[in-house]
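Everything below concerns the one structure shown next.
The values are calculated or read from the model by the stated rules, or taken from the named source; none is laboratory data. Predicted model, so just to flag it, every value in this text is computed and none were measured. Neighbour counts run over all protein chains shown; Cβ positions are idealised from the backbone, glycine included. We work out accessible area using only protein heavy atoms, side chains counted, and drop any ligands, DNA or RNA first. Shrake-Rupley method; radii C 1.70, N 1.55, O 1.52, S 1.80 Å.
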Amino acid sequence: MDEFKLNKKNQAISLIILIILSALVFSNTLKNSFIWDDEELILENKHTQTLRDIPFLFSPAHWKYYVPQEPDWYRPIRVLTLAVDYFFWRSNPFGYHLTNLLLHILNVIIIYFLVLKLKALASRAGPEIGVVGWRKFFEPAFITAALFATHPIHTESVSWIKNRSDLLASMFFLLSLFLFIRHTSRRGIFTPLERKPRVDFLTGFTYSCAIFLLILSLLSKEMGLMLPCILLLYIICFVPRQNRLKATLETLPFFGIVFVYFIFCRFILATAPEAAVMPKINLYLHLFAVLKTIGYYTGLLIAPIGLNADRSFSIPQSFFDPTVLSSGLLLLVIALIITRVFKFSKLFVFALLWIFIMLLPAANIIFLGARPIAEQRLYIPSLGFCLIVALMLVKFSWWGQKFLSRTTAAGAATALFIFVLTFYSAVTFRRNFDWKDSITFWLKTAKQSPNSSRVLYNLGTAYVYAGNYEKAVIYYKQTLMLDPLKVDAYHNLGSIYYMTKKFDEAVFFYQKALECNSHLIKAYNNLGFTYKFNAAEIYYNLGTAYRSLANYDEAIGSFGKAIELKPDFAAAYNNLANVYGDIAKLEEAIALYKKAIAIEPRVGQFYNNLALVYFKKKQYALAKAACDRAKELGVRNPALSKALEHFRK
């Protein structure tokens, strides 16, 4: 086709090189384990571990109650892919990392073809400064895709399984954009007005697929919200002036879907940013924070060194803060560049504006206090940066011919490209090792951010998963020195002391967790916010500690409070029944076991406990039935079974 100036053979060679390059740079991620939120999202979420629950993954209830680490986001496509991975790989992280790598490679391929298409459109629109295809492979599409394949800023998206939401959303986003461009081409947007546009099944099908892919992008991550804006940018940069209105009308369904998505999230999911991440700042300080964020991200794109998963971010107090002033000057320079080069290099302007449009959701316009700066949010904005670098490299080779021979200029540009590509690849490959496992990752991050309570807390949690409770206690206590109201740190310390049978210490830390929780609820209520932490699990664990100390009244009160806060807490009903069994209130115990079974009918231990109580009441037939059901569910009690056989005889 006319938009693909490289012949099919050269395209195939380019794609093979890009696939191999992407695979090599991220090959060492395949040996990495689960990290950070991966365990909770995959290994501790029962709905991710069966394909039968796929419809439930799309329900608001799943996101409100079963994804506690992300209560304010709706990303079912990501969880769907994790469920499919679990079906094939179970708890082997290799398969999950392989999926991430394959998704990244697919994005590299899509970008290659997308830039080829945009380059062809730019050439149609007029002379395109900086785009000179003087070699078979040294052209913008290949360079852009190669830089995107290796850019170090992508390690957080590719190496961290949970962050495949960036990979999925980008894939659907880019495909939707590509199909929209194809659709407008077939509709005659680039032909004279008097020529009748082509309207056939393929045209309508392409358009429908573009709309459907936007929906998939939104269901993967919120960055899909920006697609209609990118479509308008494409129209402004590449569509002839006389046809822009016709092309703009084609974007209306995309804006409509974004509006419906917003209504769904705001009123059906009823999500809102957590109080703990919403500082009270005035409009001017908020604007300064946005400017600083844009400058920070731009710096990371240009110099992706010192990568850190937990960057500190202070809100500037003045426009003359160096970070704010430099960002303001940067935006001013960009505005001047756009006005000067728009007529000559629309592809360059498209790439430049792509960066800042795609940065808007991550620019702290809604302050993302939990992680104000996150490298993963640069995954799709980096496409614009890679395209700018590609155009500048090709332009450099063109300019060089004014002073050097064509061969020398070509060699210099190629050498510069290889240097940048080698640098990117080396930094990326090295950074992937930091994501090897949770302890390696958090030790590295703790060196970079030694005063971050979250880093120390997560390092403590990593040691808990590794079974090293002694080090976990050290880091949890360091966490509390930096953040005395860290409820989870108190809670986890209580759990460690409970597991090591230090029940008095366990009770102390569980009570401290509840005190902090109560304090935070009051503090946030006074600020007009809702504090979302659910203390049911703390009360549940406190109840288990009191039962171990034979303090049955306190245990009953704690389990009762857990049930009050979480009425479908089956384990709390079970343990409350255990307490009533301990104090010989067997009727109450039976009623509670039945409630636990009604909530979770496939937990064998509940039936086993019920059988024991029936046995104590000498109701042997009922005990035998409950015991048999427990066996069916994988819980065996040989002593009880033998005793029941004796009484049956």
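A helix-only calculation puts the chain at -21500 deg cm²/dmol for mean residue ellipticity at 222 nm, using -39500 (n - 2.57) for each DSSP H run of at least four residues, averaged over all residues. What is the Cα centroid distance between the range 608-649 and the range 334-395, reported in whole angstrom? Each part's Cα centre sits 67 Å from the other's. The modelled label-to-label distance for the pair Ala303/Leu482, using points 7 Å beyond Cα in the direction of Cβ, is 2.4 nm.
Thinking of the range 222-338 as a set of Cα atoms, what percent of all their pairs are more than 18 Å apart? So the pairs more than 18 Å apart make up 70 percent of the total in the range 222-338. Cα axis of helix 453-465 to longest principal axis of the chain: angle in degrees, 0 to 90, nearest 10? With rounding to tens, the tilt is 60 degrees. The 1.4 Å probe gives accessible areas that order Val613, Val427, largest first, as Val427, Val613. Relative to the first principal axis of the alpha-carbon coordinates of the chain, what is the inclination of helix 570-582, with its axis defined by its Cα atoms, in degrees from 0 to 90 and to the nearest 10? Here the helix axis deviates by roughly 20 degrees.
What FRET efficiency comes out for Ser27 versus Ser91 if R0 is 22 angstrom and r is the Cβ-Cβ distance? Round to the nearest 0.05.
Values: r = 22 Å, r/R0 = 0.99.
After rounding to 0.05, the efficiency reads 0.50.
Accessible surface calculations at 1.4 Å, restricted to protein heavy atoms, place the range 566-639 at 51 Å² per residue. Only protein atoms count toward the accessible area here, which uses a 1.4 Å probe; on the range 346-470, the carbon and sulfur part of that area reaches 69 percent. The value of relative contact order for the chain, using C-alpha pairs under 8 Å at least six residues apart, is 13 percent. Here each label is just a point 7 Å from Cα along the line to Cβ, and for Ile337 and Ser518 those points are 5.7 nm apart. Dipole check for the chain: with +1 at the C-beta of Lys and Arg, -1 at the C-beta of Asp and Glu, and the Cα centre as origin, the magnitude is about 1720 Debye. Protection proxy ranking, highest mean first, for peptides 512-518, 282-288: 512-518, 282-288, where packing is the per-residue count of other beta-carbon atoms within 10 Å, averaged.
Towards the positive end of the charge dipole of the range 409-457, with charges on Cβ (+1 Lys, Arg; -1 Asp, Glu), say which of Tyr457, Gly411, Thr445 has the farthest Cα. Projecting each Cα onto the dipole axis, the largest value belongs to Tyr457. Comparing Cα centroids, the range 554-579 and the range 159-188 end up 48 angstrom apart.
Each of Ile366, Thr323, Phe26 was placed along the dipole of the chain (beta-carbon charges, centred on the mean Cα), and the one lying farthest toward the positive end is Phe26.
The mean accessible area for residues of the range 331-480, using a 1.4 Å probe and ignoring ligands and nucleic acids, is 45 Å² per residue. Taking Phe508, Phe94 and ordering them by how much accessible surface each has at a 1.4 Å probe, largest first, produces Phe508, Phe94.
Approximating the spin labels as points 7 Å out from Cα along Cα→Cβ, the Asn451-to-Leu404 distance works out to 4.7 nm. Between the helical axis of 346-359 and the dominant principal axis of the chain, each derived from Cα atoms, what acute angle in degrees is found, rounded to the nearest 10? For helix 346-359, the angle is close to 20 degrees. For His646, the accessible surface of its heavy atoms amounts to roughly 130 Å² (probe 1.4 Å, protein chains only, rounded to the nearest 10).
Remind me, relative contact order of the range 351-507 in percent, using alpha carbon pairs under 8 angstrom and six or more residues apart?
Details: 114 pairs, mean separation 17.7, N = 157.
So the answer I get is 11 percent.
About its Cα centre, the dipole of the range 588-649 is roughly 220 debye, where the only charges are +1 on Lys and Arg Cβ and -1 on Asp and Glu Cβ. Each listed q (0.07, 0.09, 0.11 Å⁻¹) maps to a log10 I(q)/I(0) for the chain from the Debye sum over equal C-alpha point scatterers, namely -0.56, -0.85, -1.17. Stretching Phe419 away from Lys246 to a fully extended chain increases their span by 57.8 nm, per 0.36 nm per residue minus the current alpha-carbon distance.
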